[in-house]
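Worksheet: the structure to be examined is printed underneath.
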Amino acid sequence: MKKELPNDRRKFILSMARGVGLSAMGALIWSAYVDEVKAAPLILRPPGALDEPDFLKTCIKCGLCVEACPYDTLILAQPGDNNPIGTPFFVPRDVPCYMCDDIPCVPVCPTGALVQDSVTSEIEGELTWDITKMDMGLAVVDAESCIAFWGIQCDACYRACPLMDVAISLQYDKNERTGKHAFLKPVVHADACTGCGLCERACVTKKAAIYVLPNEVALGEVGDHYIKGWDKADEARLKDAKGETTVTDRSNRSAVDSLNDAEDLY
Amino acid sequence: MRKIRYLLMRRFTQIGILILYFGANAYGWTILQGNLSASLLFETVPLADPFALLQMLFAGAVLATDVIVGALIMALFYAVIGGRAFCSWVCPINMVTDLANWLRRKLGISDVQKRVYMSRNVRYWVMVMALLLSAAMGLAAFELISPIAMAHRGIAFGMGFGVGALVIIFLFDLFVHENAWCGYVCPLGGFYSILGKFSLFRVKHDAEACTLCMKCKEVCPEKEVLFMIGKNSGSVLMGACTNCARCIEVCDDDALDFSIRSQLEKTIEQTKEKA
Ligand code: SF4
Ligand code: SF4
Ligand code: SF4
Ligand code: SF4
C-alpha cells in the first residue's frame with residue numbers, strides 16, 4: 001500500500017496540472033476571440049443605444065428590436081460578419097433607419113441596451129418620442145467623390161434628410177471654373193445629424209460619397225486646452241480655472257533674455 | 001408509439017418553440033417573440049435566459065427590470081420542473097446531439113471505441129470560466145461563442161446559424177466521444193444542472209419491477225444519474241438528469257416513470273397519515 005501513495009499523489013498532481021493547463025489554454029483562445037470580435041469599430045447601432053462598450057455588456061441579443069422595425073433596417077450580426085455575434089446593427093446603404101415617429105425599436109428592448117430616455121423629450125409635461133435626439137452616428141461627405149463639389153447640381157442627400165436644413169444644408173459657393181455657376185455643397189451639422197443614413201442611401205454615386213460613421217470614428221476631440229473666447233458659456237470654463245506655473249532654472253531670467261541667449265545652442 | 005411518446009412530445013416542444021420564434025420574425029406572430037436568449041410571451045410576459053443574465057451581471061451591466069423579471073421567471077420555472085428539462089425539451093442542439101447518439105448506437109461505435117476519460121465536471125469549469133471571462137472582458141463571454149444561441153437565433157431570424165459549430169458538435173459526438181458537448185462541455189447544461197438540483201419533477205425507479213436489462217443505462221445520455229438501477233428504488237436526484245424520459249420509454253417492465261420528488265411525496269403521505 002505504502003508504495004502506491006507517491007504514485008497516486010503524482011497522478012493527482014499531474015491531472016491537476018493537466019486541468020489547469022487545459023483551462024488556461026481554453027481561456028486564452030476564448031478571450032482572444034472575444035477581444036477580436038468586440039473590436040469592430042465600424043458598426044452602427046439602433047436608435048437610443050448605449051455607448052458601444054456598455055451596449056455590448058447589456059444587449060442580450062434577443063432581436064426584439066429587429067422584429068419591431070417595420071423597415072427591416074436592423075439585422076443581427078451573424079457568424080462570419082466580423083461583428084459581435086448576435087448584436088443588432090444596420091447598414092444604411094442597404095436599408096437606412098427611417099426615423100419612425102414612435103421609434104418602435106426602442107421600447108421593446110428588455111435589457112435597457114436601447115434607452116428610452118435618450119430619445120424622448122418632455123413636451124407640455126408629457127414624455128414624447130423625439131426623433132431629433134437620435135444619435136446613431138454622423139454623416140461624413142467625401143468632397144472628392146461628391147459630384148456637388150464638381151459643380152454638378154445634385155442635392156439628393158439634402159432632400160433625403162428628415163432633418164433637412166437642420167442636420168444637412170446646402171452651402172452656395174461660386175464656381176470659379178465656369179465663372180457663372182454655383183456649387184451647391186452639402187454640409188452636415190454634427191450636433192443635429194442623427195446618423196440615420198437616409199442621405200447615404202440616396203447618394204447617387206457608385207459608392208456613396210456621403211456615409212454614416214459611428215460618432216467615435218467620425219468625430220475628433222478638442223480636449224480642455226482650447227476655449228472659445230467668443231462663446232460666453234465656453235468662456236465660463238475659465239472662471240475657476242487655476243493656472244499652473246512651472247518653475248525651472250530658466251524661469252529666473254526674463255522670457256526675452258532667455259530667447260536672445262543663444263549660448264546653449266552651440 | 002408508446003416507445004416514442006416522450007420523444008415525440010420533446011420534438012414537438014423543441015420544434016414548436018422554434019417555429020413560434022420564426023413566425024414572430026417572419027410573419028409578425030405575437031405568441032412568442034425574440035429568441036431563447038430573451039423573449040416576449042403574448043406581448044406581455046418577459047422571459048430571459050438566466051445564465052445569459054448572470055454573465056451580463058458579471059460583465060458589470062446595469063440592466064432594465066424586464067430582463068431581470070424574465071430571467072427570474074425562467075429560473076423559477078426550471079428550478080421547479082427540472083433545470084435540464086431545458087436541454088431535452090427546448091434546446092435545439094439536443095436534436096443534433098441526439099441524432100449523433102442515435103447514429104452511434106446504430107453503428108455500434110460505442111462498442112468498439114475505447115472510452116476516452118473526460119470528467120463530467122468540465123462543464124462546471126467552463127461555466128465558471130464563462131463568468132470570469134465575462135467579468136474580465138466586460139461582456140457576456142459564452143453568449144458570443146454559444147452554438148446554442150447561434151442555432152436558435154439563426155433559425156428565428158432566418159440567417160446563418162453557425163452551421164460550422166453544429167457540424168463540429170455532431171462529428172465530435174459521433175466519432176470522438178459519446179455525448180461530448182451536452183454531457184461534458186456545455187456550460188449552459190452545467191448551469192441548469194445546478195439550478196435544477198432540487199426540482200420537483202423527477203424520474204423514479206422501482207427496483208422491484210426492474211429486470212436488470214440495463215436498456216435504460218444504454219440510452220441515457222447521463223448514465224451516472226441512473227446508478228441506483230436494480231439496486232434500490234427511488235427518484236433520480238442528480239441535477240444532470242435532463243428529464244428526457246428516454247429511460248422511461250425504453251423500459252419494458254414499468255420500472256421507471258415520472259413522479260414528483262420522493263421527499264415531497266413522503267411528506268404528503270405523512271401529512272395524510274396524520275390527518
Ligand atoms: S426608428 Fe424605425 S426605421 Fe429606424 S431602426 Fe427604429 S424601427 Fe427601424
Ligand atoms: S432589443 Fe435590446 S437586448 Fe434585444 S437585441 Fe435589441 S438592443 Fe439587444
Ligand atoms: S444621416 Fe444624413 S439624412 Fe440622416 S440626419 Fe444625418 S445628414 Fe440627415
Ligand atoms: S447541454 Fe447545452 S447544448 Fe446540450 S441540450 Fe443542454 S443546453 Fe443544449
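The values are calculated or read from the model by the stated rules, or taken from the named source; none is laboratory data. Because the structure is a prediction, the values reported are computed rather than measured. Virtual Cβ from ideal backbone geometry, glycine too; neighbours counted across all protein chains shown. These accessible areas exclude ligands, DNA and RNA; they are computed on the full protein's heavy atoms, side chains included. Shrake-Rupley method; radii C 1.70, N 1.55, O 1.52, S 1.80 Å.
Table for the structure above
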| read-out | value |
| --- | --- |
| Degrees, to the nearest 10: B:50-59 long Cα axis against longest axis of chain B | 50 degrees |
| Accessible-area order (highest first, 1.4 angstrom probe) of the listed residues B:PHE170, B:PHE22 | B:PHE22, B:PHE170 |
| Relative packing of peptides A:112-123, B:36-47 - highest average C-beta neighbours within 10 Å first | B:36-47, A:112-123 |
| Rounded to 5, percent antiparallel among DSSP beta bridges of the range A:118-246 | 95 percent |
| Convex hull of the protein assembly as shown built on C-alpha atoms - directionally averaged projected area, nm² | 47.2 nm² |
| By average C-beta atoms within 10 angstrom, highest first, the peptides B:23-33, B:195-205, A:211-221, B:231-241 | B:195-205, B:231-241, B:23-33, A:211-221 |
| Cα→Cβ-extended label distance, 7 Å offset, between A:ASP102 and B:MET9, nm | 4.1 nm |
| Tilt relative to chain B, helix B:93-107 - C-alpha long axis, 0 to 90 degrees, to 10 | 40 degrees |
| Whichever aspartates and glutamates have a C-alpha closer than 19 Å to that of A:LYS242, once near sequence neighbours (fewer than 8 apart) are set aside | A:ASP224, A:ASP234 |
| Residue mean of other protein chain beta carbons inside 10 Å, A:108-117 | 6 |
| Kirkwood hydrodynamic radius (C-alpha pairs) into Stokes-Einstein, chain B, 4 °C and 1.567 mPa s, D in µm²/s | 65 µm²/s |
| Choice from A:ARG237, A:ARG18, A:ARG250 showing the highest fluctuation, given a GNM over chain A with Cα pairs closer than 10 Å | A:ARG250 |
| Solvent-accessible area of A:ASP249 with every protein chain in place, 1.4 Å probe, in Å² to the nearest 10 | 130 Å² |
| Three-way shape call for chain A based on the alpha-carbon gyration tensor, with the a/c threshold at 1.5 | oblate |
| Cα gyration tensor, the range A:186-233 - rounded (a/c under 1.5), prolate or oblate | prolate |
| Average other protein chain Cβ within 10 Å of Cβ, residues B:41-51 | 1 |
| Sites B:LEU107 and A:ASP130, calculated FRET efficiency, Cβ-Cβ separation with R0 60 Å, nearest 0.05 | 0.45 |
| For a label point 7 Å along the Cα-to-beta-carbon line of A:LYS180, residues of the range A:140-160 with backbone N under 18 Å | A:151-153 |
| Derived scalar couplings ³J(HN,Hα) [the range A:220-234; Karplus, 6.51 cos²θ - 1.76 cosθ + 1.60; whole Hz; x for Gly, Pro] | x, 9, 6, x, 8, 6, 10, 10, 7, x, 8, 10, 3, 5, 5 |
| Degrees, to the nearest 10: B:65-81 long Cα axis against longest axis of chain B | 10 degrees |
| HN-Hα J in Hz across the range A:207-212 - Karplus 6.51, -1.76, 1.60, θ = phi - 60°, x for Gly and Pro | 10, 3, 8, 10, 8, 8 |
| Shielding by partners, peptide B:32-40 (average Cβ within 10 angstrom, other chains) | 6 |
| Gain on full stretching of the segment that runs from A:SER121 to A:VAL20 - 0.36 nm per residue minus C-alpha separation | 31.0 nm |
